[in-house]
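Just below is one structure, and these are the notes that go with it.
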Amino acid sequence: MDAVATTPPAVLILLGPPGAGKGTQARMLEDRFGLVQLSTGDLLRAAVAAGTEAGKAARAVMEAGELVSDEIVIAILRDRLAEADCARGVILDGFPRTTVQAEALDALLAETGQRIDAAISLEVEDAAMVERISGRYSCAGCGEGWHDSFKRPATEGVCDKCGGTEFDRRADDNAETVASRLAAYHERTAPLIAYYRDRGVLHSVDAMDGIDAIAGTLGGIVNTVIGQRAPA
């Protein structure tokens, strides 16, 4: 009897600078399409906590104050992609960040007959991102997010959600630091965008629109990509 053809898990990449809304949009895509969001930071923490071989290697490197190598990240990602909840597909957030990492990811996916189905770039205006990120803060009690311009509590200095009066701001959420992070992102990511454009899988989305409008555009892209995929 012939084996039944199966469609391999979808692999999507979200590209975008800090504050572009990658996390928010990834969670909405998870809910709509049954995909799993995978961020590099979460993967590393989970692998270290689980004590996997790759996690042990990552722990040793981090405890030495060094950066985790691409090889270790790929090993951790290989383990995670093999887990049952990734059977429908994944959204990669924060990896790859360079063309070297993109090539390593392609090689990893080829091991199981997978490939990148879409690399979606969330396009934003740098000046708007500086304002968006440098103005944000959160309630120290419940974690509710607020913003100097876009989302202020109804009563100044009092959290609408829990009534708390203590608020926190990240030390690196200031205009100068944000501008530097954006410049670094553009420098690193420009070659990566070209990499995926050359492979015919790049989609650019205006991320200056409202959250729901962006989600609608992304949903259309993902719906089309998944619909075009053929069984292996």
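Of the chymotrypsin sites (Phe, Trp or Tyr not before Pro) found in the range 123-217, those in coil by DSSP whose Cβ has at most 13 other Cβ atoms within 10 Å are F150. Calculated mean residue ellipticity, 222 nm, the chain: -15000 deg cm²/dmol, from DSSP H runs (n ≥ 4) at -39500 (n - 2.57) each, averaged per residue and rounded to 500. Applying a 4.7 Å Cβ-Cβ cutoff to the chain, the cysteines left without a disulfide-compatible partner are C86.
For the chain, the residue among A102, G16, V90 whose Cα projects farthest onto the positive side of the dipole built from Cβ charges is V90.
Taking Cα centre as origin and charging only the Cβ of basic (Lys, Arg, +1) and acidic (Asp, Glu, -1) residues, the dipole magnitude of the chain rounds to 280 debye. Using a 10 angstrom cutoff on alpha carbons, build the Gaussian network for the chain and name the most mobile of I120, I91, I221. Of the options given, I221 has the highest mean-square fluctuation. Loop only per DSSP, at most 10 neighbouring Cβ atoms within 10 Å: give me the GluC sites (Glu not before Pro) in the range 126-218, ordered by residue number. Answer in residue order: E156, E166.
Taking a straight Cα-Cα cut-off under 16 Å and skipping sequence neighbours fewer than 8 places away in the same chain, the aspartates and glutamates within cross-link reach of K161 are E144. Under the membrane-span-like helix rule (DSSP H runs whose alpha carbons stretch at least 20 Å along the helix axis, mean Kyte-Doolittle hydropathy 0.5 or higher), the chain yields 211-228.
The GluC sites (Glu not before Pro) found in the range 21-103 that occupy coil by DSSP, while having at most 14 further C-beta atoms within 10 Å, are E66, E83.
Its Cα centre serving as origin, the range 70-161 has a Cβ charge dipole (Lys and Arg +1, Asp and Glu -1) of approximately 280 debye.
Could you check which residue among V100, V73, V158 shows the biggest mean-square fluctuation in a GNM of the chain with a 10 Å Cα cutoff? Result for the chain, Cα springs under 10 Å: V158 fluctuates most. GNM on the chain, alpha-carbon springs under 10 angstrom: the most fluctuating residue among G113, G157, G21 is G157.
The numbers here are math on the coordinates, done by the rules we state, and not lab data. Because the structure is predicted, anything quoted here is derived from the model rather than measured. No Cβ is skipped: glycine too gets one built from the backbone with ideal geometry, and neighbour counts run over all protein chains shown.
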